[in-house]
Amino acid sequence: MGTTGTRAGTRAGTGLGADLGAGLVAPSPQPAGDPWGQALDRAGVALARLDPAGHLAAATTAYLRLTGTDPATVPGARVLPWWGSGPGPAPSVSALLQAVAGGDLEVDVSLTGAGGRGPLGPAGLVHVRLSAVPAGGAVLLLRDVSAERAEQVERRALRTRLAQQEAVISASPDTIYRLHLGRGHVEWTNTDGTCLFGLPAAGDPTADPAAADAVPSDAVHPDDLPGVQRALQTLRGAEPGQIVECTYRVVDGWGQERWIHTRSTVTDRDETGRAEHVVGIAQDLTETITTINALAGSERRFHEVFARGPVGMVLFSLEGWISEVNEALCTFLQRDAADLVGAPALDLLGPPAGERGSGREGEDPGHDPDHDPLQARAQLQALVEGAVEVVQRERCFDLPDGRRVWAQLTVSLTSSSTGEPAFLAFVEDVTARRREAEQLEHAALHDPLTGLPNRAKAQDHLVTALARTRRRGGGCAVLFVDLDHFKDVNDTLGHAAGDDLLRDVADRLRSLLRTGDLAARIGGDEFVLVCEDVADAQALSAIADRVCARITIPVDLGARTVTVSASVGAARTDGTWDAEELLREADRAMYRAKAAGRACWRAA
C-alpha cells in the first residue's frame, strides 16, 4: 500500500487509536460539542476516522487540505482516492481495517492518487500511521515527509559525489596539497613522504600556530632555499588566479636528495585580503632530472636513450635551431623528423600560433607568462648562465588529426655530439593529467547544478574586473538577480522541477553575456552578473532591462509551464568601490526591487 512500511506492536484498542479516536466523531468541521475534534482541527493535525463498517467517518481540516479531499465526499466513503498504491486502484477502507487488525501500521504513501489537488501536488509523500480504536474502526494520522525524504536523497547523492572526488584525488600520481600560509604549515595532502616547501604538517610538534611568516626548514636543500622563500613570499602577495611555480630539492633523513616541482594558487584570503590558504599539485621530478644528468655524462648512452626513449626528446643549439629529434617526439606530434630538424626551437617551446592567454574565465587574455616567447628566451638564457639547472613549462599542440594535446617540456643544458653546449628538452604527454587538474579546478569553482561559476569564482572575477576598470577607465557593474516566488515552484512541483527551472534561468543568463562578462550562481535562487565596460547609467539600464525581459518568459517544466520573474538590483562603479561594496550596493538595490512589487529592477 505504499513505498515503505513498518508494523508496531500495539494491540487493537490501545495506543494512538485509543487516545485520538474518541475525539473525532463527525465529519469536518467538527460540531460544537466535540472538543477533541475542535482541538485537533486547531492544532492542524491531519487525522481521519474509519468506522467498523468500512466507511470513512470523519476527517480534520488538515487531512482534507493535505490530501486534496472534497469535504462532501468524506461521510460514507469506502476508498481513499489520494492513496497512491501504484497502477492498481486505491485501497478500500475495509482492506485497511483488516491490515490494522494485527497492530498499528506505519507506511510512506505517495499522493499520486490525489491527482495533484493537494498542496504537495502529485509528487507529494506522506507518512501514514493506522491505529485501531477500542469501539471498532481505526484512525489515520498523516504527516508530510516530502521534504524530509528529498533531503535524505540529496544527502546520499552528496556523499556519492564526495566519494567520487576522493577516489579521483587518491588515484592521482601527483601530490595534491593544501597549505595554511597564515599558520605556516601543511594542512592536508593526498600522499605522504614529500616535503612541501619545507613546512611542517599541521599536527607536527614543530608547527607554530602563530607563525604567520614561517620559513622553510632545513629539509630544503640550502642552494634552493632562497627560491622556496621567494615562492612563499610571491604566494602571500599573489593576484587572484595567479599560478606560482617552484622547483627545488629536499633532503631526507638519509641524506638523499629529491627534486620537487610545485604549482600553487591562493584559494582563500582573510578579512584584510591577505592570502591564507593555498592549494596545488606537487610532482617528484627526481627521476626526470636524474635521467637528464645521466645523459649529460655519457654521450653513447645519451644517443641510445635519445633514439629509443619512450618520451619525446629534442636537441637544439644555443642559437635556437633544432638539430635532433627522436621517434617518440615524431609519434607524439604526428610529424616527420625532416619537418622538425632545422626549424626554430621556439616552435616547440613558445606559444602555439595565434594563442594568447590561458583561456580561463575572468583572466586577462592579453598576457600569460607561460605563453610568452620573451619569457621562453629568458628561461633558456638562465640555463646558459647557470642561474637554474632545469626549466619546465607546459604548452598545447594541435595535431594533424584534429586533437589538442598538452605536453610538459623539461629543458636542461647538455652537449651535442660535437661536444658543444646545447639544450635538451623532454616532451612528455600530460594531456590526461592536465584534464584531471582542470576538472578538479572546475569542480571547486563552479556550481554543480547549473555549471555556472560559484560565489568564490565570481568574487575573484569581480576583483580582476575592477582592477582592469581602474587601469583602463569606464565602468564595472554588478546585477544581483533573485528569482521571485521560487519556493512556490519547489513546494508545488517538487525539487526536481525547481532544479530544472534554475538550469533554464542559468542558460538564459549565459545567453546575455558579452565578451568579458560573467554570470554566477551564488546560492539558492540567487544569481550575479558581472559586466565590464558599462559606460554610464543608461548602459546599465539597458543591461538590466534585458535581464528582466529574458527571465520573464514561460518555462516548460514538463508537468506545467511556469512564468518566472526576478527582482534585480544593479550597481555600477568607475573603480571607486571595491568588490564587497559593489556587491553590497547591488544586494540593497535588489531588496528595493522586491519592495517595489518584484518583477522589476532598481539601481543603487
_Under the rule of at least 5 residues apart or a separate chain, name every residue whose amide H is placed under 5 Å from the amide H of residue 50._
57, 138, 139, 140
*Please give the length that would be gained between residue 441 and residue 470 if that part of the chain were fully extended, namely 0.36 nm times their separation in residues minus their C-alpha to C-alpha distance (nm, one decimal).*
7.6 nm
_Length gained when the stretch residue 330-residue 274 is fully extended (0.36 nm per residue, less Cα-Cα span)_ = 15.5 nm
_Distance between modelled label sites at residue 70 and residue 418, nm, 7 Å Cα→Cβ extension_ = 10.2 nm
*Average accessible area per residue (Å²) across the stretch 504-604 - probe 1.4 Å, nucleic acids and ligands excluded*: 46 Å²
_Cβ-derived FRET efficiency at R0 45 Å, residue 201 paired with residue 542, nearest 0.05_ = 0.25
*For residue 185, list long-range residues whose amide hydrogen, built 1.01 Å from N in the peptide plane, is under 5 Å from its own amide hydrogen.*
180
*From the phi of every residue in the stretch 285-290, what ³J(HN,Hα) in whole Hz does the Karplus formula 6.51 cos²θ - 1.76 cosθ + 1.60 yield, where θ is phi - 60° and glycine or proline is x?*
9, 4, 5, 4, 6, 4
*Starting from the Cα-Cα distance between residue 499 and residue 404, subtract it from 0.36 nm times their residue separation and give me the gain in nm to one decimal.*
30.8 nm
_Sum of side-chain charges, residue 238 neighbourhood, beta-carbon under 13 Å (Lys, Arg +1; Asp, Glu -1)_ = 0
*Set the Förster radius R0 to 60 Å, insert the Cβ-Cβ distance between residue 449 and residue 304 as r into 1/(1 + (r/R0)^6), and round the FRET efficiency to 0.05.*
0.65
*Provide the solvent-accessible area of residue 106, counting protein heavy atoms only and rolling a 1.4 Å probe, rounded to the nearest 10 Å².*
50 Å²
*Under a 1.4 angstrom probe, counting protein chains only, how are 522, 260 ranked by accessible area, largest first?*
522, 260
*Whole-Hz Karplus ³J(HN,Hα) for the stretch 39-56, in order, using 6.51 cos²θ - 1.76 cosθ + 1.60 and θ = phi - 60°, x for Gly and Pro?*
5, 5, 4, 5, 6, x, 7, 8, 9, 9, 10, 9, 7, x, 7, x, 10, 7
*Quick one: net charge around residue 162, please, counting Lys, Arg +1 and Asp, Glu -1 for every other residue with C-beta under 13 Å from its C-beta.*
+2
*asked:* Taking the full set of protein chains and a 1.4 angstrom probe, give the accessible area of residue 335 in square angstrom, rounded to the nearest 10.
replied: 100 Å²
*Highest mean first, what order results for 60-68, 228-236 on Cβ atoms within 10 Å?*
60-68, 228-236
*Using a 1.4 angstrom probe on heavy atoms only, work out the carbon and sulfur share of the accessible area of the stretch 497-604 in %.*
46 percent
*Alpha-carbon centroids, the stretch 475-551 and the stretch 143-181: separation in whole Å*: 27 Å
_Computed E for residue 78/residue 560 - FRET, C-beta separation, R0 41 angstrom, nearest 0.05_ = 0.80
*Going highest first, how would you order 513-519, 465-471 by mean Cβ packing within 10 Å?*
465-471, 513-519
*For the peptides 153-164, 528-539, what is the packing order when you average, over each peptide's residues, the other Cβ atoms within 10 Å and list the highest mean first?*
528-539, 153-164
*Accessible carbon and sulfur surface of the stretch 221-283 relative to its total accessible area, %, 1.4 Å*: 48 percent
_Principal axis dimensions, largest first and in whole angstrom, of the stretch 437-548 by Cα_ = 48, 39, 18
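The values are calculated or read from the model by the stated rules, or taken from the named source; none is laboratory data. All figures in this text were calculated on a predicted structure; none of them were measured in a lab. Cβ sites come from the backbone with ideal geometry, for glycine too, and all protein chains shown count toward neighbours. We work out accessible area using only protein heavy atoms, side chains counted, and drop any ligands, DNA or RNA first. Shrake-Rupley method; radii C 1.70, N 1.55, O 1.52, S 1.80 Å.
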